[in-house]
């Protein structure tokens, strides 16, 4: 079933990367031959699963191509995805749990995106599904049902947290507020470092996640000033924050570009969507960690030229299909502590301690981020 000369239907994966995945998942998906029929090999099971994830083809389509039943194809994909997540989650989809691990992530954000004390960039997406028969109540948009994924991403586009609301109901709270991550933040269970001085400064502020304007402003979650602020320091903060937050946009963009099942309505139950999504995230993180140029070549994600002008990545040419931003329900007012921290960061970014020399030229007088079109 698998091609002998390379993986022509998986151009972003090398044979070595495929063999590694096979080595870790093979023992869990190998089946025994019976007197009646020969078992489908672990190699073929993995290959069909990767094709489903990468192409977004239906089980019926793959069944016709590879001469196996549609129900068998479905079973193979679900079993293999569950096995991939089981054997890879510890190394490739792990939320940091120590102060040292969080500091490593914050160091990467500061060195790559010049945003201090950042624990991760938050992003939320709607995943459109076929309404399951006789199950729960699901949010819908223009008659289309969806579940919601909430994620945190590191500076290098790797996912460090994911949750999928598989039984989404109408609520006064948005998807982030209902996520496990928000509950851990509220309960102080993340074990992140205590407030520490910013670089070149005696000013102590907490470590924090970053999110776009739809997220609530909190001491542990920094968001931009809404609309178009006229204060120059606020414009600079929005610029600096947007550079860090784009890590989440690019992570989902790369994911949808490579795992194209996400680009269409998924005709599966929510629990199965969770299985295939978490397996895909493990593979995504694995390939990024290996610095796979086939998976994430230069230019696929947003990048900055020598003048630090932002050039949008090629994944944006085709977008993310039906994978759409989740609508958060931002609180009407933030705490005085959160607003003070936002103001302190404004002052820091325009001070000699936190200033970067190119920031003024990349923010318009209206506070918008300037892009370069190639």
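Readers should treat all values here as calculations from the given coordinates under stated rules, not as data from a laboratory. Not measured: the values here are computed from a predicted model. Here the Cβ is made from the backbone with ideal geometry for all residues, glycine too, and neighbour counts use every protein chain on show.
Comparing mean-square fluctuations of 208, 78, 36 from a GNM of the chain with C-alpha springs under 10 Å, the top value falls on 36.
Computed from Cα atoms, the angle from the helix 42-55 axis to the main principal axis of the chain rounds to 50 degrees. For segment 15-92, relative contact order (Cα pairs under 8 Å, six or more residues apart, normalised by length) works out to 31 percent. Using a cutoff of 8 angstrom between alpha carbon atoms and counting only pairs six or more residues apart, the relative contact order for the chain works out to 20 percent.
Modelled spin-label separation between residue 196 and residue 32, with each label point placed 7 Å from Cα along the Cα-to-Cβ direction: 5.4 nm. Hey, what's the Kirkwood Rh for segment 15-92 if you take every pair of different alpha carbons, in angstrom? That comes to 13.0 Å for segment 15-92. Summary of the geometry: segment 306-364 and segment 261-286, compared by the centres of their Cα atoms, lie 28 Å apart. Packing around the peptides 192-199, 109-116, taken as the average count of other Cβ atoms within 10 Å per residue, puts them in this order, highest first: 109-116, 192-199. If you run the Gaussian network model on the chain, springs between alpha carbon atoms under 10 Å, then out of 228, 125, 89 the most flexible one is 228. Among beta bridges identified by DSSP and lying wholly in the chain, the antiparallel ones come to about 75 percent. This structure gives percent of Cα pairs over 37 Å apart, computed directly, and of [x] 24; [y] 27; [z] 32 that value is listed as [x]. Highest mean packing comes first when the peptides 219-227, 245-253 are listed by Cβ atoms within 10 Å, giving 245-253, 219-227.
Have a look at 183, 275, 158 and tell me which one the Gaussian network model of the chain (Cα, springs below 10 Å) gives the largest fluctuation. Among 183, 275, 158, the largest mean-square fluctuation in the Gaussian network model of the chain belongs to 183. Computed from Cα positions, the angle between helix 70-92 and the longest principal axis of the chain comes to roughly 40 degrees.
Relative to the longest principal axis of the C-alpha atoms of the chain, give the angle of the C-alpha long axis of helix 15-29, reported between 0 and 90° and rounded to the nearest 10°. With both axes taken from Cα atoms, the answer is about 70 degrees.
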